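These notes concern the structure reproduced below.
Coordinate-derived values only; no laboratory data. What you see is a predicted model, and the numbers here were worked out from it, not measured in a lab.
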Amino acid sequence: LFTPVSSIETDPTNTKSEANLLKDVSDGLEAPNSHTVVLEASVDSVSIPDVRSYRAQSGLFTPILPPNNLFSIPVKSGSTQPARAASDGYWLLLPPLPPGQHTIHTLTKTSDGWINDTTYLITVRDP
C-alpha cells in the first residue's frame, strides 16, 4: 500500500520548459515541505517513527489525464491528454495489511498554518 503523508506537485496545466519544470521541483516544491513543523502517520493507532525520512522528490513524469479530470484541463471525449508534472513529498510504502478493518491516519502542519489531517478507513479481504 503506497500512500502520501504530505505531498505537493507542479501544476500540469503549465507550459514551462523542461528546465523550468525541474527548477520548480528544486525550488517551488521543496519550500512547502521544508516548512513542515508536524509530520505524523499511524496505522491502526501505531505511530510510524521518523516519517521525515520518507521524503522523496520525483523527476518529471507524464500523467495521462482523462476527460473531467480534477485539474479541469479540457480533454476531448474518447481521448486522453498527456501533461507534465513533478512532485515532492513524504510517502509511505506499507507492507500488506492482514484481512480486516484498518485505519491509516496522517497529520501535517506547516509553519504558515496549513494543516492536512487525513484518515483512511480500509477493509482488507481474503484473496
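Annotations for the structure displayed:
- The stretch 107-116 - phi-based ³J(HN,Hα) in whole Hz, Karplus 6.51/-1.76/1.60, Gly and Pro as x: 9, 10, 9, 10, 5, 9, x, 6, 10, 10
- Theoretical gain in end-to-end length, Ser111 to Ile64 [0.36 nm per residue, Cα-Cα removed]: 13.6 nm
- Amide H partners (placed H, <5 Å) of Ser6, local residues excluded: Tyr90
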